[in-house]
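The values are calculated or read from the model by the stated rules, or taken from the named source; none is laboratory data. Keep in mind the model is a prediction, meaning the values are calculated, not measured. Don't worry about glycine lacking a Cβ; one is built from the backbone with ideal geometry, like all the others, and counts go over all protein chains shown. Side chains are part of the model used for accessible areas, which takes the heavy atoms of the whole protein and leaves out ligands, DNA and RNA. Shrake-Rupley method; radii C 1.70, N 1.55, O 1.52, S 1.80 Å.
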Amino acid sequence: MNDSFLYPLLSRPKVRVQNESEEPIPTGGVMRVTGGTFVGKNAVVTVAKPDNTLRRRYLVNCGPTIASENDAQGWGTRLLIAGLVLYDNASGTPALDEEWGPQPNSWLLKKDYPGYLITGGTTTFGSYHGVIAEGMMQISFFGKASGSIAKDATNGTVKIWTKNFGADTLITLPNCANYTTALVDGDKVSGSWLSGGPVIAKLPC
Amino acid sequence: MGLSFSGINAIVRAEVMLTRGILPGVHVVRISPQDGLNLSPATLQIADGIGGVLNLPDCLALSHSMRKVELSGGWVWELEVLDHRWRWAQGSVGGEWNRRLPDGSVDPLYQKTPAQLATMCLDAMGESGYDVGHMPSNVYPYSDWRDNPSADLMLKALCDAVACEICGGEFQAVTIWPAGSGPDLPSAGVPMHEQVVMVRPAPGEIIIVGGYKRYATKLKLRAVGIETDETVALLDNLSYRPSAGWGVELPGVFAGLPAANQPFAKLSVWRIYQVVGQSDGSLAVPTSSVTINTVSQYHLLDVQIARDDFGDGSQFALPATVSGSWYNYGDVPSDEASDTPYLGTFELDLPRQRVTFPLPIYSLASDQTPQEPTLKLLTSYYASDEDTGQYEALEVTQSGPGVGPALVVIRPELFDSYDQGTSHNFGTTEANAYLTLFQAKYADNDLQDQLYAGIPAVELSGIVAQITVTGSALGDEGFTTRVCRLEELAPLGHSQIERKRKEIVRMIQEERGL
């Protein structure tokens with residue numbers, strides 16, 4: 001008899017992750033993918049704390065706390081089906097349809113950062129705050145040019161903005177290609193990932 | 001005055017010996033030689049000429065038993081005649097009656113009084129007009145008739161179990177009397193000089209031995225693992241325990257263990273749990289008289305004492321369950337509340353007293369790392385003595401009316417139980433009722449063997465054990481009746497012990513299909 005119906009975790013799409021951060025990863029913590037490896041015959045994704053670079057994918061720890069010792073393993077999920085993820089309550093309380101995303105050097109989501117769409121419903125355990133959210137596929141982004149970016153340059157850096165251009169986030173996206181007009185520092189841009197990497201264009205005023 | 005049997009021209013002498021039980025009485029008649037002897041079942045009548053008449057209906061003369069006997073007046077033929085009970089070796093009964101529920105009470109769906117069981121038997125034997133109203137109504141002997149055994153043998157077994165005697169079968173008017181009760185010696189008639197008063201060795205003690213006492217309590221479970229030598233140990237005692245503890249290893253994966261240890265860990269860690277005692281960690285079984293020093297003195301069953309009622313009257317014991325507090329693999333990393341029933345599947349290894357889950361079951365510490373959960377197994381079990389190995393069983397004892405060897409009555413269906421704080425003494429209550437029955441059987445110790453002229457009004461009962469009527473049509477010895485009280489004391493004919501031996505042999509033959 002299969003007991004999976006009793007346990008949501010067992011039926012959630014997930015992958016083994018290996019902790020490269022040298023600190024414990026709490027349940028619900030958002031993790032940055034750093035690479036992959038085979039441990040025995042099993043595919044394992046290596047993870048660490050999110051940094052100040054916008055990534056196309058993150059994983060959420062959907063199992064017990066992942067220890068810091070000796071490449072400890074745990075379970076990670078893209079959270080494409082709504083589930084628990086930790087949030088930074090200094091940003092307030094998440095509400096339906098808000099967008100919260102990974103922030104540098106934290107396992108917690110920050111308000112108006114790109115990455116996760118809030119469904120709602122919060123909980124606390126220990127010192128952590130969790131909310132039900134879904135991971136979004138990073139297809140497009142908004143931000144401001146960081147320094148000048150010449151036409152046809154492929155190494156531009158964009159400072160990612162919060163939703164509605166409210167403010168700068170603390171994360172950037174390097175190696176952006178600019179095939180439209182030349183950009184100066186602070187120009188508002190939009191972009192998306194095409195084959196080969198991120199491509200940006202100046203937003204019309 | 002006379003002796004008659006249809007088909008026999010002249011009976012010169014008859015001896016009729018009436019005894020209790022299911023086997024037909026064998027009566028001997030001597031007849032004058034005659035042409036042909038084609039005898040159908042008929043009534044054997046003996047009339048003493050002074051008002052006493054004995055009619056035995058539906059008797060069967062055994063023509064093959066005939067032999068010639070020379071008397072002073074010449075040759076006569078001697079025949080054996082069976083009374084009506086020769087027809088009783090027919091008919092069968094079925095069903096399983098008075099089986100017990102796990103708490104020791106009688107399952108109402110299968111409950112039958114001795115009188116109801118006797119009725120089933122007598123109906124199957126083709127009897128009618130019987131009287132079973134004197135049988136006890138506060139005992140319920142277990143009767144497993146699922147193999148459709150012979151009705152007469154089951155009737156005999158039933159009456160032996162409840163200290164009753166089957167009387168009147170020879171007259172087609174069965175009355176079942178409790179031993180020690182019923183009509184006594186005839187008040188009319190004249191006891192002859194052969195009246196003898198004797199004493200039998202009544203038991204000095206009566207012991208009712210029942211079944212094992214059944215317990216149901218929550219038993220504490222501890223997580224164990226399989227060592228590399230395939231022995232079992234608590235998790236913290238395993239040789240491959242991580243130095244930082246099991247909290248650093250992902251349950252079910254154990255990627256941080258040496259490759260050689262991982263299969264043992266995956267097979268056992270957080271999956272196998274061992275019974276270690278009562279829920280509070282102690283060993284003593286509540287209300288048990290047995291001193292418990294190890295859990296090996298628990299003998300687990302896979303069902304509880306509590307049961308389901310399916311609404312149609314049928315009841316089945318609930319299966320063993322696990323409860324406690326553990327991480328339920330939910331999105332929120334916290335344990336279930338304490339004493340939450342575990343709804344998933346698990347295997348229960350009864351002799352090893354272990355529970356095995358198909359997936360790791362563990363608790364989460366305050367930092368959400370895996371740790372041992374609090375789990376309890378609720379199931380029923382027996383307790384045994386550590387030194388003798390004997391299971392704790394029901395036994396009630398009472399001083400008997402005599403000084404003879406103890407009478408031991410074995411009734412394995414009687415047992416008491418203890419179910420999570422509630423004691424059930426159904427077994428003891430019914431065992432005490434059996435004590436009363438068997439006390440009554442031996443309370444009266446006044447054995448008598450009296451001889452009466454003619455045929456007085458007397459019948460077999462729980463007191464009158466044997467009636468022997470002899471008479472001669474030649475007028476040389478007249479008619480006499482010998483009546484034995486409480487025991488069969490007449491020397492001629494098959495004794496009760498011999499008949500019981502025959503009954504047992506026949507029962508064995510039936511069981512083995514011989």
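Tally the residues that are assigned to a loop (DSSP other than H, G, I, E, B), under 44 Å from the mean Cα position of the chain (by Cα) and more than 30 Å from B:Asp160 (Cβ to Cβ), restricting the search to segment B:1-24.
Here the count works out to 1.
Among the listed residues B:Ser289, B:Ser296, identify the single one that is away from every other protein chain (no Cβ under 14 Å) and assigned to a helix (DSSP H, G or I).
None of the other options fit; the residue is B:Ser296.
Is there a residue being crowded, with 19+ Cβ neighbours inside 10 Å and polar (S, T, N, Q) anywhere in segment B:215-229?
yes
Condition first: open to solvent by less than 40 Å² (accessible area, probe 1.4 Å), of a type in the set (Ser, Thr, Tyr), within 20 Å of A:Gly29 (Cα to Cα) and modelled with pLDDT under 95. Can you find one or more residues in segment A:169-181 that meet it?
Scanning segment A:169-181 turns up at least one residue that is open to solvent by less than 40 Å² (accessible area, probe 1.4 Å), of a type in the set (Ser, Thr, Tyr), within 20 Å of A:Gly29 (Cα to Cα) and modelled with pLDDT under 95.
Could you list all residues from segment B:251-279 that are in contact with a helix residue (DSSP H, G or I) (Cβ under 8 Å, 6 or more places away or on another chain), in contact (Cβ under 8 Å) with a residue 60 or more places away in the chain and more than 12 Å from every other protein chain (Cβ to nearest Cβ)?
B:Val269, B:Val275
Can you name the residue in segment A:63-115 that is assigned to a loop (DSSP other than H, G, I, E, B) and charged (D, E, K, R) and, of all such residues, is farthest from the other protein chains (Cβ to nearest Cβ)?
A:Asp112
Scan segment B:364-383 and tell me whether some residue there is on the phi > 0 side of the Ramachandran plot, outside any strand (DSSP E or B) and more than 14 Å from every other protein chain (Cβ to nearest Cβ).
No, there is no match, as no residue in segment B:364-383 is on the phi > 0 side of the Ramachandran plot, outside any strand (DSSP E or B) and more than 14 Å from every other protein chain (Cβ to nearest Cβ).
Looking only at segment B:210-233, count how many residues are hydroxyl-bearing (Ser, Thr, Tyr) and not in a strand (DSSP E or B).
2
Could you tell me whether any residue of segment B:423-440 is part of a strand (DSSP E or B) and either in contact with an Asp or Glu (Cβ under 9 Å, 6 or more places away or on another chain) or open to solvent by less than 50 Å² (accessible area, probe 1.4 Å) (or both)?
Scanning segment B:423-440, I find at least one residue that is part of a strand (DSSP E or B) and either in contact with an Asp or Glu (Cβ under 9 Å, 6 or more places away or on another chain) or open to solvent by less than 50 Å² (accessible area, probe 1.4 Å) (or both), so the answer is yes.
Does segment B:258-271 include one or more residues that are crowded, with 19+ Cβ neighbours inside 10 Å, within 45 Å of the chain's Cα centre (by Cα) and among the β-branched types (Val, Ile, Thr)?
No, because not a single residue in segment B:258-271 is crowded, with 19+ Cβ neighbours inside 10 Å, within 45 Å of the chain's Cα centre (by Cα) and among the β-branched types (Val, Ile, Thr).
Residues that are within 23 Å of B:Asp416 (Cα to Cα), away from chain A (no Cβ under 14 Å), assigned to a strand (DSSP E or B) and open to solvent by 40 Å² or more (accessible area, probe 1.4 Å): does segment B:234-241 have at least one?
Scanning segment B:234-241, I find no residue that is within 23 Å of B:Asp416 (Cα to Cα), away from chain A (no Cβ under 14 Å), assigned to a strand (DSSP E or B) and open to solvent by 40 Å² or more (accessible area, probe 1.4 Å), so the answer is no.
How do the pairs read when you match residues in segment A:185-205 that are among the basic types (Lys, Arg) with residues anywhere that are assigned to a loop (DSSP other than H, G, I, E, B) and open to solvent by 30 Å² or more (accessible area, probe 1.4 Å), using Cβ under 7 Å and keeping only pairs 6 or more apart or on different chains?
Correct list of pairs: A:Lys188/A:Leu203; A:Lys202/A:Thr180; A:Lys202/A:Thr181.
Could you tell me how many of the residues in segment B:220-231 are in contact (Cβ under 8 Å) with a residue 24 or more places away in the chain and out of contact with any helix residue (DSSP H, G or I) (no Cβ under 8 Å at 6 or more places or on another chain)? Quick ask: steps written out before the conclusion?
We begin by selecting, within segment B:220-231, every residue in contact (Cβ under 8 Å) with a residue 24 or more places away in the chain; these are B:220-228.
Next, from what is left, pick out any that are out of contact with any helix residue (DSSP H, G or I) (no Cβ under 8 Å at 6 or more places or on another chain): B:220-222.
Residues in segment B:220-231 being in contact (Cβ under 8 Å) with a residue 24 or more places away in the chain and out of contact with any helix residue (DSSP H, G or I) (no Cβ under 8 Å at 6 or more places or on another chain): 3 in total.
B:Leu348 fails exactly one of the following numbered conditions: (1) away from chain A (no Cβ under 11 Å); (2) more than 18 Å from B:Gln420 (Cα to Cα); (3) outside any strand (DSSP E or B); (4) not β-branched (Val, Ile, Thr). What is the number of that condition?
Unmet for B:Leu348, out of (1) away from chain A (no Cβ under 11 Å); (2) more than 18 Å from B:Gln420 (Cα to Cα); (3) outside any strand (DSSP E or B); (4) not β-branched (Val, Ile, Thr): (3).
When the residues of segment B:351-363 are narrowed to those that are open to solvent by 20 Å² or more (accessible area, probe 1.4 Å) and not in a loop (DSSP other than H, G, I, E, B), which ends up farthest from the other protein chains (Cβ to nearest Cβ)?
B:Arg354
Check B:Pro136, B:Pro141 and return the single one that is modelled with pLDDT of 95 or more, under 14 Å from the mean Cα position of the chain (by Cα) and closer than 25 Å to B:His424 by Cβ.
Numbers: B:Pro136 fails: under 14 Å from the mean Cα position of the chain (by Cα).
Result of the check over B:Pro136, B:Pro141: B:Pro141.
Those residues that are open to solvent by 10 Å² or more (accessible area, probe 1.4 Å), more than 14 Å from chain B (Cβ to nearest Cβ) and in a loop (DSSP other than H, G, I, E, B), I need them from segment A:24-53; list them, please.
Correct list: A:Lys49, A:Asp51, A:Asn52.
Every residue in segment A:133-168 that is crowded, with 18+ Cβ neighbours inside 10 Å, β-branched (Val, Ile, Thr) and part of a strand (DSSP E or B), please.
Residues satisfying the conditions are A:Ile149, A:Val158, A:Ile160.
Are any residues in segment B:305-345 within 40 Å of the chain's Cα centre (by Cα), away from every other protein chain (no Cβ under 14 Å), among the small types (Gly, Ala, Ser) and part of a loop (DSSP other than H, G, I, E, B), and if so, which ones?
Across segment B:305-345, the qualifying residues are B:Gly311, B:Gly313, B:Ser314, B:Ala320.
Select from segment A:50-76 the residues that are at pLDDT 95 or above and of a type in the set (Val, Ile, Thr) and list them in ascending order.
Selection gives A:Val60, A:Thr65, A:Ile66.
Select from segment A:117-132 the residues that are part of a strand (DSSP E or B) and within 14 Å of another protein chain (Cβ to nearest Cβ) and list them in ascending order.
A:Thr119, A:Gly120, A:Gly121, A:Thr122, A:Thr123, A:Thr124, A:Phe125, A:Tyr128, A:His129, A:Gly130, A:Val131, A:Ile132, listed by residue number.
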